[in-house]
Amino acid sequence: MRTEEPRAVLLKDYAPPAYLIDTVSLEVELDPAATRVHSKLKMRTNPASGGGPLVLDGEKLTLHEVRLNGETLSPNAYQVDGRHLTIPDLPAGEFTLETVTTCGPEANTALTGLYLSSGIYCTQCEAQGFRRITYYLDRPDAMAVFTTRIVADEKVAPVLLSNGNLVKEGKLASGKHFAEWHDPFPKPAYLFALVAGRLGHVEDKFVTKSGRKVTLRIFVEPGNEDRCAYALEALKRSMRWDEEAFGREYDLDIFMIVAVSSFNMGAMENKGLNVFNDKYILARPDTATDTDYASIEAIIAHEYFHNWTGNRVTCRDWFQLCLKEGLTVFRDQEFTSDMRSRAVKRIADVRLLRSHQFPEDQGPLAHPVRPDSYIEINNFYTATVYEKGAELCRMIHTLVGPKRFRKGMDLYFERHDGEAATVEDFLQALSDGAKIDLTQFKRWYSQSGTPEVLVSGRYDSARETYTLKMTQVCAATPGQPVKEPYHIPIAVGLVGPDGKDMALQLDGEEKPHAKTRVLNLTERTQTFRFRNVAEKPVPSLLRGFTAPVTLSSNLKERDYVFLMANDSDPFNRWEAAQRYASGLLIANVEAIRTGGKRRRGTAFAEMIRKVLADKKLDPDFAAQMILLPSEQAIAQMIGKDVDVDAIHEARETLRIAIAADVRDDLKRIYERMKVDGPYSPDAEDAGRRALRNACLGYLAFLPDGSGVEMAAAHFDGADNMTDQIAALGVLANIDVQERTRALETFYEQWKGDHLVMDKWLSIQATSSLPRALDDVKSLLHHPAFTIRNPNKVRALITSFATANQVRFHAADGAGYALVAEKVLELDALNPQVAARLLGAFKSWRQFDRKRRSLMSRQLERIAGAEGISRDVYEIASKTLA
Ligand code: B3K
Ligand code: ZN
């Protein structure tokens, strides 16, 4: 048990810093056991708040010396504890403060601050890692100009990198060398970065729209240079897109990216020196899937876009995290939508929102997009802050349209460039620039929970009107018993019996307008009436998913069948198919539990047949249309007393029945979608592979076994990783010899490649076969696994806990026990990754009584364990509360 309960930090306690730092000069002498950091801060009293004791943050540092204006301070002139260096007396006005400290990168397994991984020195400072490098005002509103001199053994670290532009480099005595970097843009410490080691690189150029020449470099472990081309290409496209879509240009002479293999998350937007998890840089057709290529493109863009939304305009405090994250996700989503299929991207984003954000918002860890309290800020890099945060930007975009949105954004950059801003600043700029009142809208930032919108549609044939009555409700969430109504934009269309959109004329309007209308739901209950509706329509509600809500309506199954064939809005066409299939699956789950009769889903099979026959349909979209909702999605819809085995059985049997119904169509398309010629990761070819592999995903499970042969041949014939892994993924779920053979062949082929090995681990961890748990247990001891590497943990343990519903939730609780044990083991090494993994328990209340009790027992075991981190303590205690 923790001796004292960690204190929460509150938004309402925000106060500006008592001192400002104008410039920072760091001299970092790298050494694995004791890296020496000499920091020189030019400081002054903050005129806005001013004076008093100076409290600098610092953790896991050994302090050797403190100098004030060049004079060494005696130890009784300051106090040091495990978290701070406090200097009570300081001269008024300006002063220079120097500290000399050491830290130990080699022993740093938490991968925050300065650490050494596979021989490369690397930093991760967001959110509060800089304090593990030197004593500092480690808060985002303390912005300073950094100069960094790195000294290292030339053999160990021939490459020395930091933020900004290289100003000097040279040789020193005894085999050492140095490099000095200067970043002219004031920045908070969380954007500081330093990388040093033996690295190869690829290089390119980019000329900005105003003619600035920028050198682009991607650094990788030597030998991986041939896997950087796609990332580099994606970077150039991102830079161009930000100029065109948002008018934002790059601002330094060089932009660098370093790929490392040990990294707590996806990537980090340090000024001018992004650091990436190598999973999101390295790609070659034989090692990376289409999905990997798409993620690389999106993450490269995301981090690059942070240069304006995050770096040039940063956050005042960590409660404002969505200001940079939600907005930057919205920007990267738009980028991807412009590069690839907008409809497919929207479907993917909504899937992610529903699978990650909705459960968070509806469970014990619910928090507003702008939280008002945290124990450990690293626990708040959540789907709510990122994905729901992006949805809030998207709703404003929907409400004002692209032109006015751009005006609002321009004003935001103009007003706040070089500042640490707040959500209020953002909304004010959008409101002034885009001319919209966002007063009510602002509630989206402070109220947690997913609003529910209930819609009931009624046709009056005598009056030729169609009325939509909408009601919004939002259930209580932790700390928020009562909610005020939201401003919810709801795009709707009315589809006539001929399958075409009707022109829409609301009450009080002279003439009909566009065929999709955005309705503003602002009251708890509101009615919208359309006139001149000659025939009874089927309403298409929440087109494009214009708001992050759950929607229920009086639409019937036959309406969904109609919409999945006819809706002109691709998102809602897909949605109708999902709703139809979920309805069917939920009914079948009930039938399994009660011994009732199961339905076969003929309409879904019929829809698949039509979709596959439609040669004009984008194959990537077609692939989305034909996939059944996931087991987790069904569990979420059922919501309580979830029976994972019944869900698994219902979905498997439905899949087999559908495969049998449309096998010839699936086979035909499987043949037709074969991509000839050399592999290209572009959206078109990727879409064909997605559809082909979706067909394989059905065919492989045909009861006559013919599909197994097909999957094995697909595996053997694959000339790229997308096809190879698709076949392996299918085979991993079937208990046949081909499974063993394919897994062995794959291992032999790829055992030297750590990224491909992660795929091999997670395919086994997510297999729905009963052996999955035992396999995970033995893979924990396999040479391809180490608990010290976050990618390995995510590949094996996190994917088992979050993407293998039926086995993680095994009735005897063995899945829970294993994951809990690993959380504790990991916590001693890397609290951030441990806390993330523990998130797998967040929906524990939705399962049946037995599982609830097994899960809560594991949560209690963790919460009560000796010496756990703040990170894990916060998640465990809040999940149980
Ligand atoms: N800003 C980083 C995430 C930092 C997470 C710190 N625990 C990457 C990103 O969102 O772009
Ligand atoms: Zn980000």
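Which condition number in (1) farther than 16 Å from ARG524 by Cα; (2) of a type in the set (A, V, I, L, M, F, W, C); (3) in contact with a strand residue (DSSP E or B) (Cβ under 9 Å, 6 or more places away or on another chain) is the one that MET470 fails?
Going through the list (1) farther than 16 Å from ARG524 by Cα; (2) of a type in the set (A, V, I, L, M, F, W, C); (3) in contact with a strand residue (DSSP E or B) (Cβ under 9 Å, 6 or more places away or on another chain), MET470 breaks only (1).
Need a quick list: strands (runs of 3 or more DSSP E) entirely within the stretch 130-208 having at least 3 residues that are under 24 Å from PRO16 (Cβ atoms). It would help to see each step written out before you state the result.
Values: elements: 144-153, 159-162, 165-171, 176-187, 194-197, 200-207.
Per the criteria, 144-153, 176-187.
Kindly establish whether LYS205 is basic (Lys, Arg) and within 26 Å of LEU327 (Cα to Cα). Spell out the reasoning first.
Working: basic (Lys, Arg): yes; within 26 Å of LEU327 (Cα to Cα): no.
Answer is no for this residue.
So which residues in the stretch 475-499 are open to solvent by 30 Å² or more (accessible area, probe 1.4 Å), in contact with a strand residue (DSSP E or B) (Cβ under 9 Å, 6 or more places away or on another chain) and under 21 Å from GLU391 (Cα atoms)?
Selection gives ALA475 alone.
How do the helices (runs of 4 or more DSSP H) wholly within the stretch 334-423 filter down when requiring 3 or more residues that are under 21 Å from GLU297 (Cα atoms) and open to solvent by 30 Å² or more (accessible area, probe 1.4 Å): which remain? Let's see the steps before the verdict.
On the way: elements: 342-352, 358-361, 389-416.
Of the helices (runs of 4 or more DSSP H) lying wholly inside the stretch 334-423, those with at least 3 residues that are under 21 Å from GLU297 (Cα atoms) and open to solvent by 30 Å² or more (accessible area, probe 1.4 Å) span 342-352.
Right, PHE276: in contact (Cβ under 8 Å) with a residue 60 or more places away in the chain, in contact with a strand residue (DSSP E or B) (Cβ under 9 Å, 6 or more places away or on another chain) and of a type in the set (Phe, Trp, Tyr) or not?
No.
Consider the stretch 790-809. How many of its residues are among the β-branched types (Val, Ile, Thr) and either without any contact (Cβ under 8 Å) to a residue 12 or more places away in the chain or open to solvent by 10 Å² or more (accessible area, probe 1.4 Å) (or both)? Talk me through it step by step, then tell me what you get.
So the first thing to find is which residues in the stretch 790-809 are among the β-branched types (Val, Ile, Thr), and the list is 793, 797-798, 802, 806.
Next, only the ones that are either without any contact (Cβ under 8 Å) to a residue 12 or more places away in the chain or open to solvent by 10 Å² or more (accessible area, probe 1.4 Å) (or both) stay: 798, 802.
Residues flagged as among the β-branched types (Val, Ile, Thr) and either without any contact (Cβ under 8 Å) to a residue 12 or more places away in the chain or open to solvent by 10 Å² or more (accessible area, probe 1.4 Å) (or both) within the stretch 790-809 amount to 2.
Restricting to the stretch 64-78, what's the tally of residues that are buried (at least 16 other Cβ atoms within 10 Å of the Cβ) and part of a strand (DSSP E or B)? Before the answer, list the steps.
Restricting attention to the stretch 64-78, the residues satisfying the condition of being buried (at least 16 other Cβ atoms within 10 Å of the Cβ) are 66, 68, 73, 78.
Now drop any that are not part of a strand (DSSP E or B), which leaves 66, 68.
Total satisfying the criteria: 2.
Quick check on GLN749: is it part of a helix (DSSP H, G or I), closer than 17 Å to ALA288 by Cα and modelled with pLDDT of 95 or more?
yes
What number of residues in the stretch 301-321 are within 11 Å of ligand 1 (Cβ to nearest atom) and either without any contact (Cβ under 8 Å) to a residue 40 or more places away in the chain or not polar (S, T, N, Q) (or both)?
Adding up the residues that qualify gives 11.
Of these, VAL207, VAL258, VAL275, VAL220, which one is open to solvent by 10 Å² or more (accessible area, probe 1.4 Å), under 24 Å from LEU166 (Cα atoms) and modelled with pLDDT of 95 or more?
Details: VAL258 fails: open to solvent by 10 Å² or more (accessible area, probe 1.4 Å); VAL275 fails: open to solvent by 10 Å² or more (accessible area, probe 1.4 Å); VAL220 fails: open to solvent by 10 Å² or more (accessible area, probe 1.4 Å).
So the residue among VAL207, VAL258, VAL275, VAL220 that is open to solvent by 10 Å² or more (accessible area, probe 1.4 Å), under 24 Å from LEU166 (Cα atoms) and modelled with pLDDT of 95 or more is VAL207.
Taking the stretch 306-331 as the search range and keeping residues that are away from ligand 2 (no atom under 13 Å from the Cβ) and of a type in the set (D, E, K, R), which one is least open to solvent (accessible area, probe 1.4 Å)?
Among those residues, the one meeting the criterion is ASP317.
Would you mind telling me which numbered condition in (1) closer than 26 Å to ASN830 by Cα; (2) touching a residue at least 60 places away in the same chain (Cβ under 8 Å) VAL80 fails?
Going through (1) closer than 26 Å to ASN830 by Cα; (2) touching a residue at least 60 places away in the same chain (Cβ under 8 Å) one by one, VAL80 breaks only (2).
Give me the residue from the stretch 838-881 that is aliphatic (A, V, I, L, M) and in a loop (DSSP other than H, G, I, E, B) and, out of that set, surrounded by the fewest Cβ atoms within 10 Å (Cβ to Cβ). Walk me through it before giving the result.
Narrowing the stretch 838-881 to residues aliphatic (A, V, I, L, M): 838, 840, 854-855, 859, 862-863, 865, 868, 872, 875-876, 880-881.
Restricting the remaining residues to those that are in a loop (DSSP other than H, G, I, E, B) gives 865, 868, 881.
Numbers: ALA865: 17, ILE868: 23, ALA881: 9.
Top of the filtered list is ALA881.
Among (1) assigned to a loop (DSSP other than H, G, I, E, B); (2) more than 29 Å from the chain's Cα centre (by Cα), there is one condition PRO548 misses while meeting the rest; what is its number?
Among (1) assigned to a loop (DSSP other than H, G, I, E, B); (2) more than 29 Å from the chain's Cα centre (by Cα), the lone unmet condition for PRO548 is (2).
Can you find, within the stretch 772-789, the residue that is surrounded by the most Cβ atoms within 10 Å (Cβ to Cβ) among those that are of a type in the set (S, T, N, Q) and under 24 Å from ASN108 (Cβ atoms)? Step through it out loud before you land on a result.
First, pick out the residues of the stretch 772-789 that are of a type in the set (S, T, N, Q): 778, 786, 789.
With the extra rule that they be under 24 Å from ASN108 (Cβ atoms), the set shrinks to 786, 789.
On the way: THR786: 13, ASN789: 20.
That would be ASN789.
Filter the stretch 102-135 down to the residues that are over 23 Å from MET256 (Cβ atoms) and surrounded by fewer than 23 Cβ atoms within 10 Å (Cβ to Cβ), then identify the one that is farthest from ligand 2 (Cβ to nearest atom). Let's see the steps before the verdict.
First, the residues of the stretch 102-135 that are over 23 Å from MET256 (Cβ atoms): 102-104, 106-107, 109-110, 128, 131, 135.
After this cut, where a residue has to be surrounded by fewer than 23 Cβ atoms within 10 Å (Cβ to Cβ) as well, the list is 102, 104, 106-107, 109-110, 128.
Numbers: THR102: 31, GLY104: 29, GLU106: 29, ALA107: 29, THR109: 24, ALA110: 20, GLN128: 16 Å.
The selected residue is THR102.
Collect the residues in the stretch 223-236 that are open to solvent by 30 Å² or more (accessible area, probe 1.4 Å) and either closer than 20 Å to ASN311 by Cβ or touching a Phe, Trp or Tyr at 6+ places or on another chain (Cβ under 8 Å) (or both), keeping them in residue-number order.
TYR230, LYS236
Restricting to the stretch 565-585, count the residues that are assigned to a helix (DSSP H, G or I) and over 29 Å from the mean Cα position of the chain (by Cα).
The first filter runs over the stretch 565-585 and keeps only residues assigned to a helix (DSSP H, G or I), leaving 565-566, 570-585.
From what is left, the residues that are over 29 Å from the mean Cα position of the chain (by Cα) are 565-566, 584.
The qualifying residues number 3.
Consider the stretch 294-305. How many of its residues are open to solvent by 10 Å² or more (accessible area, probe 1.4 Å) and of a type outside the set (A, V, I, L, M, F, W, C)? First the steps, then the outcome.
From the stretch 294-305, those open to solvent by 10 Å² or more (accessible area, probe 1.4 Å) are 294-295, 298-299, 302-303; that's our starting set.
Remaining after also requiring of a type outside the set (A, V, I, L, M, F, W, C): 295, 302-303.
Going through the stretch 294-305 one residue at a time, the tally reaches 3.
The values are calculated or read from the model by the stated rules, or taken from the named source; none is laboratory data. None of these values were measured; they are calculated from a predicted model. Here Cβ is always computed from backbone atoms with ideal geometry, including for glycine, and neighbour counts include all displayed protein chains. Remember, those area values only see protein heavy atoms, side chains included, never the ligands or the DNA or RNA. Shrake-Rupley method; radii C 1.70, N 1.55, O 1.52, S 1.80 Å.
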